Amino acid sequence: MQGKRHFKYLLFCLCFFFEGALAQGDFADIIRQQFNQYNQQTFTEKIYLHTDRNFYVAGEIIWFKIYITDGVKNNLSNLSKIAYTELLDKNNNVLLQTKNNITGGTGNGSFYLPANIPSGNYTIRCYTNWMKNFDASFFFEGAVSIVNTTSSGMQTMPDTIPFYDINFFPEGGNLVQETENNIGFKIVDKNGIGINKCTGIITDGNDSIVLFVPQHAGIGTFLFTPLKEHVYTAHIIDALGKEILRKPIPAASEGLAMRLAVTSTGKITITIKSAPGNQENGKALYLFAHTRGVIKSIQKTLLQPGTTQFIVEESKLNDGITHFTIFNSERRPVCERLYFKRPLQKLNIGTTADAKQYSTRKKAVLQIHSTDADNKSVAANMSLSLYRIDDLQKKKTTDIYSYLWLNADLAGNIEDPLYYFDNINDATTKQLDNLVLTHGWRRFKWDNIQQNKKPLFEFLPEFEGQIITGKIIDSSTKKPFPDAIVFASVPGPYTQYYSSQSDNNGNIKFYTKNIVGPGELVLQAQETDKHFYSIEINTPFSGKFTENRLTDLNISPDLKSALETVSINAQLQRKYAADMLRKYYLPDVDTSTFYGKPDERYMLDDYTRFTTMEEVLREYIPGVIVGRANRKFKLTVFDVQNKRLFKDAPLVLLDGVPVQDADKIISYDPLKVRKIEVVTRRYYYGPLVLDGIVNFITYKGNLEEYEMDPRSVILDFEGVQLQREFYMPFYDTEAQRKSRLADFRNLLYWNPNVVTNKNGETQLQFYTSDMKGKYIGVIEGITPDGKAGRSTFSLEVTQ
């Protein structure tokens, strides 16, 4: 007994020793393990949406292409198969929304703008179900302008009362007293647009201390040494010398100041400044650097009074945003700084048209060649828009390249991100550094990583199709109905049947696929002692929104004539080409049933038709036995494999909808049924163990004249959007060219599926319209390994 006590004491000491060793273990190993473990559990997606234009009139169509990429590598992601696209007004009211099918990381869709849509600027946003687990700032957001030339659709005049604001961003996150700080700032108007034509002054009482001026988009930096117990105020003066804003500077505190600089030899220096009396002086200080979840450097040193420095080779960093974090001796993050390394790899897209000028109704041929930064041919997946240039179309301020590298990794709205990539020089590189200084990182919180908190995700990735969620409630108690078996069916030309078992809170999930276009969703619960229930289905669209603000739509009176022309042409297109604008591609979906190939299939037109279902089953379907019990019909399937009758009733379906009362299927008109499929084996499906399946499929696939169970819930349901065909007349013959049918297309061509081969080549053709003028083509896309790019070209249509 005494030996056992000694052994337990020794075991306790060893456990205490190892626990202490882990707590005091090497910081690099611990933080690396925690960081990698967290990232393995938090796969991220980026999503970009390319619209054909950014200005529309009521009645036109917004065409778009969706690209979904891996959040770390930027290559096309195969995770999500559904994207959710919405059009929002400035108050985040949803005007239009749709679900889009995604294959191999890309998809496309369209929005038809109703004739009564009000004029204004709108947000078009896109996201996946998985992205709903994170902040709405991860969603793609873009702005489009829509004008309705009818008086009933015109928007009221915008508010002209000026409003300005300024925010300060000390480098590293701390405004440290008695220490020189590098301060980033951003001056904006009420719409969040940067103000450049102004000057800032920091005052201490009546003394002017610092003068600062924005460099781009209202953003800039200045050096500032706040003194202890002093109060400072920022004054913003406009170009006319008028003070437009006065705001106090946040109080300075003790701590560490951070400064990042890049040397001419490609070294990044991170300098930490500490006051002489700082209690952390002489203690450990750590640097942790990573690029989009990939660890690039972990360093340790001792904090010195005055300055302490870390050095990182820029060549060791990956392209894009790198996150530098400083940890103190207690291994808590105390300073943070972002740095942007310009990407070296880019998709270059070359376009060559067979002419620069074309007459109206003329065929044009376009050669496309895609290469990488080394001019090597690469295959690419792209989208192309070719539209007429006028004063209404706004300058494009973002593309797939700038969005994936910048917008998707920074918090807040970025004004004109293309500016930083189309104009690469020392000035824009400095302005780009100012941008990342004033826009925070948004991917994770260090507390979650260091405390080993396992992320809890409410929304699952949709690997195959939409996950329909909802809840079943017991109607008598108004409480959730646990452990209920619930069926979901989509009547149609092919069987779509799903099942779910509710959890303790009554929540249900249906893992669907291939639900396309508008239809009905039929929900019912398994027979449960005559319980009455209600079933609610959740919206798949997110209720979270960003704080990004839209500017008011301001159309110059000088553009009235141009607007009327565009609007009239759109109306004529709708009138004369209405049928062509409503054409859709047949969906490419898997029409096989959930049980695969049936063991028996009976095409009833191959047999003499009987007028009762009982006769059909008894005479032609030997695998299904018709019996009676307690004055009700009962169906039983013969288990062919084991040469015996199953004990329980089979699953009986009519156009995918479960029929739980055999009397109802026996009384159904067999002349409406095209075929009967039978599974003569035990089948496991979700929570169900089925003793065979008997599937009745009608000619129309719509449960014609079938009386549903009154407890069934029938909902209008939109599957993924049918892909609309882009309307483009052909003018190959003289008769086609002389057609009297007007062609007022200002969008000559839209193709969301421009794919080059391994040699980087493809050829496209399109036809000009009756609209003369200059046209611009925009083509953008991505390679399988994540090289993104954009290119433009122009042509002219003359008489």
- Note on the structure: For segment 171-274, dividing by residue count, accessible area per residue (probe 1.4 Å) in Å² works out to 47
- Item | Charged-residue dipole, Cβ positions (Lys, Arg, Asp, Glu), the chain about Cα centre, Debye nearest 20 | 960
- On the accessible surface of segment 646-799, probed at 1.4 Å with all protein chains in place, carbon and sulfur together account for a percent value of 48
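Relative to the present Cα-Cα distance, how much length would full extension add between residue 423 and residue 345 at 0.36 nm per residue of separation?
26.4 nm
Round to the nearest 0.05 the FRET efficiency obtained for residue 163 and residue 390 when R0 = 25 Å and r is the Cβ-Cβ distance.
0.20
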- Message: Assuming 0.36 nm per residue, please report the length gained on full extension of the stretch residue 207 to residue 520 beyond their Cα-Cα distance.
- Response: 105.5 nm
- Query: Can you give me the relative contact order of segment 166-299 as a percent, contacts being Cα pairs under 8 Å and 6 or more apart?
  - Reply: 22
- Considering the chain, what Rg and Dmax in Å follow from its alpha-carbon atoms? 32.7, 109
- Item | Solvent-accessible area per residue, Å², over segment 476-590 with all protein chains present [probe radius 1.4 Å] | 59
- For a quick protection proxy, order the peptides 515-521, 92-98, 485-491 by their average other-Cβ count within 10 Å, most packed first. 485-491, 515-521, 92-98
- Task: Go ahead and run the numbers for FRET between residue 757 and residue 103, Cβ-Cβ distance against an R0 of 22 Å, rounding to 0.05.
- Result: 0.75
- Task: Straight distance only, please: which lysines reach the Cα of residue 296 with their own Cα at less than 18 Å, same-chain residues fewer than 8 apart left out?
- Result: 73, 267, 316, 341
- Query: By how many nm would the segment from residue 610 to residue 190 grow when fully extended, if each residue of separation counts as 0.36 nm and the alpha-carbon distance is taken off?
  - Reply: 143.7 nm
- Express the carbon and sulfur contribution to the solvent-accessible surface of segment 447-569 as a percent, rounded to the nearest whole number, probe 1.4 angstrom. 49
- Accessible area per residue, 1.4 Å probe, Å², for segment 43-116: what's the number? 28
- Item | Eligible lysines near residue 583 by straight Cα distance, threshold 21 Å, same-chain separation 8 or greater | 65, 99, 575
- Query: With labels modelled as points extended 7 Å from the Cα through the Cβ direction, what inter-label distance (nm, one decimal) is found for residue 32 paired with residue 230?
  - Reply: 4.5
- First compute the accessible area of segment 288-362 with a 1.4 Å probe, then give the percent of it belonging to carbon and sulfur atoms. 46
- Note on the structure: For residue 369 the rounded accessible area (nearest 10 Å², probe 1.4 Å, non-protein molecules ignored) is 70
- Message: How far apart, in nanometres, would the label points at residue 91 and residue 552 be if each is projected 7 angstrom from Cα along the Cα-to-Cβ direction?
- Response: 1.6
- Item | Lysine pairs with alpha-carbon atoms under 27 Å apart, segment 402-509, spacing 8 or more or separate chains | 9
- Protection proxy ranking of 553-565, 125-137 - average other beta-carbon atoms within 10 Å, highest first: 125-137, 553-565
- Query: So how far, in whole Å, is the C-alpha centre of segment 390-455 from the one of segment 620-679?
  - Reply: 61
- Item | Förster radius 51 Å - calculated FRET efficiency between residue 304 and residue 463 (Cβ-Cβ, nearest 0.05) | 0.45
- So what's the Cα pair-distance distribution over segment 380-519, bin width 10 Å, in %? 8, 20, 19, 22, 19, 10, 2, 0
- Query: Over the C-alpha atoms of segment 39-114, what are the Rg and the largest Cα-to-Cα span, Dmax, in Å?
  - Reply: 14.2, 46
- Please work out the Cα center distance from segment 196-238 to segment 297-338, rounded to the nearest Å. 28
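Ranking request for peptides 338-348, 419-429: highest mean number of other beta-carbon atoms within 10 Å first, then the rest in descending order.
338-348, 419-429
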- May I ask for the distance between the Cα centers of segment 584-618 and segment 729-786, given as a whole number of Å? 43
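The values are calculated or read from the model by the stated rules, or taken from the named source; none is laboratory data. Every value quoted in this text rests on a predicted model; they were computed, and no experiment measured them. We place every Cβ from the backbone using ideal geometry, glycine too, and count neighbours over all the protein chains shown. Just so you know, the surface numbers come from the protein's heavy atoms only, side chains and all, with ligands and any DNA or RNA stripped out. Shrake-Rupley method; radii C 1.70, N 1.55, O 1.52, S 1.80 Å.
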